[in-house]
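Throughout, read-outs are computed from the coordinates displayed, never taken from laboratory work. Only a predicted model underlies this, so the values are computations on that prediction, with no experimental measurement involved. Glycine gets a Cβ as well: all are built from the backbone with ideal geometry, and neighbour counts include every protein chain shown.
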Amino acid sequence: MSKEQNNIATLTCLYEITKVLALSTDLRDCLKRSMSILAAYVGLKNGTVTIFNPITGQLEIEVAHEMTAEARKRGIYKIGEGITGRVVASGKPMIVPDISTEPMFLNRTRSRRTIHDHITSFLCVPIQQGKNIIGTLSADCKFKSGADFEEEIRLLTILSGLFSQTVTRIQTVNQERDKLLYENLKLKHELSEKYRLDNIISNSSRMQEVLEMIHRVADSNATVLLRGESGTGKTLAAKAIHYNSKRAKKPFIVVNCSALPDTLLESELFGYEKGAFTGAQGVKKGRFEAAEGGTLFLDEIGDLAINLQLKLLNVVQEREFQRLGSTKTRKCNVRLIAATNRDLEEAVANGTFREDFYYRLNVFPIYLPPLRKRPTDVLLLAEHFMHIFNKENNKNVTRLSTSAIDLLMQYHWPGNVRELQNCMERALLICDEGSIKGYHLPPSLQSAGSVSGKNPLSLAAAVENFEKELLIEALKTCHGNQTKAAKYLDSSLRIINYKLNKYNITSRRYKLKKG
């Protein structure tokens, strides 16, 4: 082969290997393919890459062209041992013109056989990553009398640099992938812990019945229909069902049926093929495919259009669907949970909700009671939200004042738990004291019954309420000691006694109990 032909073969070899390295994310696969290209284009046989294992402190064969797995396992070298170990120790290339006469060539893999009419030369170069030698690249070639193997060493050195860059790139990608996988698993674990049934804040008998029903249905594949007013926690219940089921490690996908137009909602649910409609420039998977193996939560199902109800009926019945623009039927393994705050029975009677669809959804209905029907949960939830917003806003509000408790307990909560959460967030943001007072709560909570039957907008009623609150807070702080309370309020004991009698407040209630 002429020098020009050698140059063309070398450039072609480099080009093909560069393509393989640039596109691969699997280190072993791209190195293996590179060794095959090296043998095919420039005749360097038995191409081998060894990588230093920091755990064992030895060099191990990562890939070797046309070498058996058993031979690769034998190819283990200590630093400084054999030709391979010497190259790593010195950081310099080595050439063995005739392996049969070189005692340092160990042939530990036993992959070379002595051939009387053929002398094999061995070339080995270091693979360097920054200042560290991380391995070697070696290959065999036919012995050429008087040859210095300069071109072959140059080619292997170039390739070792490319391999080093590839190792760095793939290691970085793998580290980022592993980090994402770890964070994903950590997040899933946190979600599972967050939505454990014993972590749901409630001690009312009606909510205990709900939790019992969630526990019973969670591990089944039954379709669940969550009923209840807006803000009662239907989404929380849906997540509790999913994360306490055998599908907990699979996706939980939420679709709000009232948030999207009918045409867009259909494509979101079922996906579409390229050209299915104007603007469909590619294939898109729908939410049913995204939720495969997991749970699809259809919120506000009562707002679904009649034509979509029919299409969803087929999915609920058969667990199969078609993408828009496709005739191919796709199977899906998805658990369905639906939720609504509408009166579906009335909607069925009015003809705005299909009766057959209603019965398909209503396999296991769960009714979430409004907050006004579970008054024992109000303070529990208020303190829970206070703790959350304390952490979020780096505050140290420790308790609710008596007046705040009275207002929270007297309010009818039309917005349910969501409204309570918003009220507590607002109160904590404007509170600069150690406890939330009545005046920190929104004006909507200042009902007529909370200010001693007087006009809630009158100055006298507001002053009276404020004085009572200050007195009770002072007595709590001073454990019922009126003298200390007077000092705390920068007032006299006579005035404090007068106010306590006026508002019928008994200081003994706030004294510390002994024992």
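Please compute the contact order of the chain in relative form: average sequence separation of alpha-carbon pairs under 8 Å and at least six residues apart, divided by the residue count, as a percent.
Reported as a whole number, the value is 9 percent.
In the stretch 195-369, what is the count of Lys pairs whose alpha carbons are under 23 Å apart, counting only pairs at least 8 residues apart or on separate chains?
Eligible lysine pairs with Cα atoms under 23 Å apart amount to 25.
For Lys131, go through the lysines and keep the ones whose alpha-carbon is under 24 Å away, minus same-chain ones fewer than eight residues off.
Straight-distance partners of Lys131: Lys78, Lys92.
Using 0.36 nm per residue of separation minus the Cα-Cα distance, give me the extension gain between Asn333 and Leu459 in nm, one decimal.
39.0 nm
If you line up the long axis of helix 416-430 against the longest principal axis of the chain, both from Cα atoms, how many degrees apart are they, to the nearest 10?
For helix 416-430, the angle is close to 90 degrees.
Under unit Cβ charges (Lys, Arg +1; Asp, Glu -1), what dipole magnitude, rounded to 20 debye, does the chain have relative to its Cα centre?
1580
Pull up all non-local amide H partners of Arg335: gap of 5 or more, or a different chain, and H-to-H distance under 5 Å with H placed in the peptide plane.
Gly294, Thr295, Leu296
Treat each spin label as a single point 7 Å out from the Cα along the C-beta direction, and report the Leu236 to Thr12 distance in nm.
Taking the two extended label points, one gets 7.0 nm.
Over the stretch 373-450, what is the relative contact order in percent, taking alpha-carbon pairs closer than 8 angstrom and at least six residues apart?
Reported as a whole number, the value is 38 percent.
Using a 10 Å cut-off around each Cβ, can you sort Arg227, Arg28 from fewest to most neighbouring Cβ atoms?
Arg28, Arg227
How far apart, in nanometres, would the label points at Arg508 and Gln322 be if each is projected 7 angstrom from Cα along the Cα-to-Cβ direction?
8.2
Could you list Leu408, Leu379, Leu308 in order of exposure, starting from the residue whose Cβ has the fewest other Cβ atoms within 10 Å?
Leu379, Leu308, Leu408
Computed FRET efficiency, Cβ-Cβ of Gln175 and Leu380, R0 56 Å: what is it to the nearest 0.05?
0.80
Angle between the Cα long axis of helix 27-42 and the longest principal axis of the chain, 0 to 90 degrees, nearest 10?
20
Which links in Lys468/Lys502; Lys3/Lys32; Lys19/Lys144 stretch past 20 Å when you go from one Cα to the other?
Lys3/Lys32; Lys19/Lys144
Rounded to the nearest 500, what is the 222 nm mean residue ellipticity of the chain from helices alone, with -39500 (n - 2.57) per DSSP H run of 4+ residues and division by all residues? Show your work: numbers first, answer last.
Details: 18 runs with 239 residues, N = 515.
It lands at -15000 deg cm²/dmol.
Take the alpha carbon gyration tensor of the stretch 12-152, find the square roots of its eigenvalues, order them as a ≥ b ≥ c, and report rounded if a/c is under 1.5; if not, report prolate when a/b exceeds b/c, else oblate. Can you show the working numbers first?
Working: a/c = 1.44, a/b = 1.11, b/c = 1.30.
Cα axes put the stretch 12-152 in the rounded bin.
Which order do the peptides 416-423, 52-59, 381-388 take when ranked by the mean count of other beta-carbon atoms within 10 Å per residue, highest first?
Averaged packing, sorted descending, gives the order 416-423, 381-388, 52-59.
Using a simple spin-label model with points 7 Å from Cα along the Cα→Cβ vector, what separation in nm is obtained for Glu183 and Thr68?
4.6
Roughly how tilted is helix 234-243, in degrees to the nearest 10 and between 0 and 90, from the longest Cα axis of the chain?
It is inclined by approximately 40 degrees.
What ranking of Tyr182, Tyr488 emerges when the number of other C-beta atoms within 10 Å of each C-beta is taken as an exposure proxy, fewest first?
Tyr182, Tyr488
Given H placed 1.01 Å from N in the peptide plane, which residues other than close sequence neighbours of Asn46 have an amide H under 5 Å from its amide H?
Correct list: Asp140.
Just need the relative contact order of the stretch 3-173 here, percent rounded to a whole number, with Cα pairs under 8 Å and 6+ apart.
Computed over the stretch 3-173, the figure is 21 percent.
Specify whether the C-alpha gyration tensor of the stretch 238-302 places it in the rounded, prolate or oblate class, a ≥ b ≥ c being the square roots of the eigenvalues: rounded for a/c under 1.5, otherwise prolate if a/b is larger than b/c and oblate if not.
In terms of gyration-tensor shape, oblate.
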